[in-house]
1. Given the criterion over 27 Å from Leu32 (Cα atoms), without any contact (Cβ under 8 Å) to a residue 24 or more places away in the chain and either surrounded by 19 or more Cβ atoms within 10 Å (Cβ to Cβ) or of a type in the set (Phe, Trp, Tyr) (or both), identify the matching residue among Leu78, Leu94.
2. Filter the range 41-86 for residues that are assigned to a loop (DSSP other than H, G, I, E, B) and within 24 Å of the chain's Cα centre (by Cα) and give the result.
3. Aromatic (Phe, Trp, Tyr), over 19 Å from the mean Cα position of the chain (by Cα) and either within 23 Å of Asn107 (Cα to Cα) or crowded, with 19+ Cβ neighbours inside 10 Å (or both): does that describe Phe207?
4. Any idea which of Ser51, Ser56, Ser40 is surrounded by 21 or more Cβ atoms within 10 Å (Cβ to Cβ), modelled with pLDDT under 95 and under 26 Å from Val263 (Cα atoms)?
5. Quick check on Ile216: is it under 20 Å from Ser133 (Cα atoms) and either outside any helix (DSSP H, G or I) or in contact with a strand residue (DSSP E or B) (Cβ under 6 Å, 6 or more places away or on another chain) (or both)?
6. Within the range 132-145, can you find the residues that are of a type outside the set (Gly, Ala, Ser) and closer than 24 Å to Glu242 by Cβ?
7. So, of the residues in the range 150-188 that are within 18 Å of Leu47 (Cα to Cα) and small (Gly, Ala, Ser), which turns out to be nearest to the chain's Cα centre (by Cα)?
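The values are calculated or read from the model by the stated rules, or taken from the named source; none is laboratory data. Nothing here was measured: the structure is a model prediction, and the numbers come from that model. Because the Cβ atoms are built from the backbone with ideal geometry, glycine has one as well, and the counts that use them run over all protein chains shown.
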Amino acid sequence: MSVTIWESIVIPVRELFQCLGGGSFRRRVFALLVGHIDESGDDRTRLFTLSCVMTSGGLWWCFENAWLNWIEKTNSILRKQHRRTVKRYHSTDLQSFAKDFKGWNENKRKAFLEGLLKVFGRHNVAIISYTVSLKDIEEVFPSGIRGKSKEITYAWFLQKIMVWIGEKLLGDRKYKGMNVSLIHDRTAGFDAVLLDAFNAMKNDASFQHRDRFTTIAPMGWEDCVPLQPADFIAYENFKIIERKSAGKPRRKVMDLLLDLSSVGGRGVEIPRRGVEDFNRKITKEQRRALYELARIPKPIRRRKKHVRMRHDENKKGKTAR
């Protein structure tokens, strides 16, 4: 569903190919690019973010080992202190010092994040992130989508991510012959929406790179470690927009991430004006397809009841004389 809309780019990032197209990357042959997708958001602000972290299959193996090594190094210190160990990185738990991070303080969190940033610094990745207000979706779109704003946004953003990957990566000759596999964090009720949105792009003859996308699959952090850095990226992109809306500066951790030469891509905020443009520019056919992906039932058209006025039914029949 390729519709050009007004977008506000809020993350100033370096040229993408400086990141993934560096000399060391060009000298290595990888057959597959793998994107890990996660979402973040807040029920209070109604902001919703969907992000994808991309690199080659071979580099993901190295990234995963480095990520796990840092968590294990942290756990070795915690064991010596007879404290609870960390099973995984989880943004909201770390931010609120909950679950595995219960009892931590700001200094401990800072040290832990610095170690994770070093992992990003040693591995080339590209990020693409979109954020929108679900409240804007509900207020701009017709009233029939009430309660389905998240389904619409999942489908819309996944397809935008695929278009971006196609244009910025697969459209470049340096990535000729490379295909893309997508893995997303398992959701509560939206896995089928993502699968159908992916298949819709695969079946869209106007999408130039549709044959280069091979699979999309849901997984959990227990079986897919790279979903943890995907959670990191989704959460920090969400916090950028949340803090921007509140007139606050970016978090220090995101500034440090964006300063890394190994990280490229962009983060996009779609403001209300962008949602209005999207709602206005999509065709009837595109809207119907989007609503089908979002499981929005077709409006029931009730047939008008035609009441026939039978004027003579109450008249008495003529009596024979």
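1. Leu94
2. Asp42, Asp43, Arg44, Thr45, Arg46
3. yes
4. Ser56
5. So Ile216 fails the test.
6. Of everything in the range 132-145, those that are of a type outside the set (Gly, Ala, Ser) and closer than 24 Å to Glu242 by Cβ turn out to be Val132, Leu134, Lys135, Asp136, Ile137, Glu138, Glu139, Val140, Phe141, Ile145.
7. Ala155
To keep it simple, each residue is scored yes or no on (1) over 27 Å from Asn107 (Cβ atoms); (2) crowded, with 18+ Cβ neighbours inside 10 Å.
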| residue | (1), (2) |
| --- | --- |
| Met219 | yes, no |
| Lys239 | no, yes |
| Leu260 | no, yes |
| Gly265 | yes, yes |
